[in-house]
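Each remark here refers to the structure printed beneath this line.
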Amino acid sequence: MSFQDLLRDTLATLWAHKRRTLLTMFGIAWGIISITIMVAAGEGLGVGIQKNQESFGKNVMIVFGGRTSMQAGGMRSGRIIRWTEDDYLQVTKEAPGCKYVMPELGNNVQVRSLFNSGDLKVVGALPPFTEIRSITIAQGRFYNEQDNVEARNVAFLGSDAKKQLFADREALGQTLWMNGIPYTVIGVMLPKDQNSSYDGADIRKIFIPFNAMRRDFPNKPPAPEHSVDRLLVAPWSLATHADCVKQIRHSLGRLHNFDPRDKEAAGIWDTVKNAEANRMIIVGMELFMGAVGIATLFLGGLGVMNVMLVSVRERTREIGVRKALGATRESILRQFFLETVIVVALSGGTGLILSYGFCALVNLLPMPPFFAGLLASWKLGALSITLLGLIAVLSALYPANRAASVDPIEALRFEAGG
């Protein structure tokens, strides 16, 4: 029998039992849809959480001064530790594992434009602030190193601060008076969703060069003179993260006479560790969802195998007649194997098309926070196709072998006796 005849015969057999064939195909298609959507949802949740975290800052650590809980250098515990304006210069030299070490100083200031006024948070930091705190520029520019060195009176506005002070008017080049001191607007921030904060949302702030901040708006008593609120630190990479933390603690401990092991003296909000912990949770969830989908898919494969075994039993006489007329074991094996492969291929392809189409439609809708949509990647498609191939082979081998092993005389006797 040629392959063309074999294919025609196989399709005719499947069509003759179309209800059973469709139900079998539904089981496989449902398995493919389940694994695709569940894994895509897990991936979308992971990417969404990562993007939301990066809206606050990418691989950034915020180092706060605290209160000593250990004695060190003959000094008592319980001392209040505050960072000073120039600490970052020495710490940068002593912490080669850190890419950035910078001070941050923020205070509420009375701000007035020609159109409106308000009490807003004004923040001073170094120019790399935009990189480690995920500040994206919508208009103009952020202040640069020269602006900071010369302590220029320039200001970069958060998107909400710009709306409050200028509404829909052009802000670039306009003058702000902050506690009566004139500043020129040089840039406006792109709006962002910020999932966490230590002193308010960035979109409601005004950013100025650090040297201008400490000159015009320093901390007031009871805060120590020349103090800053916190240090922002970023490692060169995840590989240098641990060294960076260790070097920061040792350098600050030496400068302020506390034990580097004293975590109460120098508290660190470590977004790198938080991101790693969240990623482990997401990976675990993706594995769980994938396992459920794979189990569903294999149950569909078992359904195919059962249906084909029933088909072998129902077609015992047909198989016996064919073998009595000279059909070889290989031809019988090929037919049942081909039937199974066609059922699995058609149902699997339909499942992939439906699931990817569903993901595409869902991704057209507005997404809630922490969710980037149903992300069905090519890797997921390759995994589904590989599993389909495995299930097709496993589902076909036993029924096909069972059919090919039928003895023609026993088959005819069985059917006659029935």
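Some observations on this one:
- The HN-Hα couplings worked out from phi for region 59-65 by the Karplus form 6.51 cos²θ - 1.76 cosθ + 1.60 (θ = phi - 60°) are 6, 10, 10, 9, 9, 9, x Hz, whole numbers, x standing for Gly and Pro.
- Whether region 117-173 is rounded, prolate or oblate, judged on the alpha carbon gyration tensor where a/c under 1.5 counts as rounded: prolate
- Assuming charge only on the beta carbon of Lys and Arg (+1) and of Asp and Glu (-1), the dipole of region 237-299 about its Cα centre is about 140 debye to the nearest 20.
- Amide H partners (placed H, <5 Å) of VAL154, local residues excluded: THR184
- Estimated FRET transfer efficiency when R0 is 51 angstrom, pair GLU131-ARG76 (beta carbons, to 0.05): 0.80
- Pairwise label distance in nanometres, VAL321 with LEU361, each label 7 Å out on the Cα-Cβ vector: 4.5
- FRET efficiency for the pair ARG254 and ALA138, taken as 1/(1 + (r/R0)^6) with r the Cβ-Cβ distance and R0 = 41 Å, rounds to 0.45.
- Across region 77-89, rounded Karplus estimates of 3J(HN,Hα) from the backbone phi angles (6.51 cos²θ - 1.76 cosθ + 1.60, θ = phi - 60°) give 7, x, 6, 7, 10, 10, 6, 10, 4, 9, 4, 4, 5 Hz, Gly and Pro being marked x.
- Region 56-207 - charge dipole about Cα centre, Lys and Arg +1 at Cβ, Asp and Glu -1, debye rounded to 20: 340
- Region 117-144 and region 24-95 have Cα centres separated by 21 Å.
- Karplus 3J(HN,Hα) series, Hz, for region 143-151 with 6.51 cos²θ - 1.76 cosθ + 1.60 (x for Gly, Pro): 5, 10, 4, 5, 4, 6, 4, 8, 6
- Amide H within-cut-off set for ARG141, under 5 Å, with H built and near neighbours excluded: GLY187, VAL188
- Cα→Cβ-extended label distance, 7 Å offset, between SER405 and LEU190, nm: 6.5
- Take 202-212, 121-131, 221-231 and order them by the average number of nearby Cβ atoms within 10 Å per residue, most first; the result is 202-212, 121-131, 221-231.
- Charged side chains reduced to their Cβ positions (Lys and Arg at +1, Asp and Glu at -1) give region 63-124 a dipole of some 200 debye around its Cα centre.
- Extension gain, LYS51 back to ALA201 (0.36 nm per residue minus Cα-Cα distance, nm): 52.4 nm
- Label-to-label distance for ASN116 and ASP168 is 1.3 nm, based on points extended 7 Å past Cα in the beta-carbon direction.
Since every read-out is calculated from the coordinates, none of them should be taken as a lab result. Because the structure is a prediction, the values reported are computed rather than measured. With ideal geometry, Cβ positions are generated from the backbone for all residues, glycine too; neighbour counts draw on all protein chains shown.
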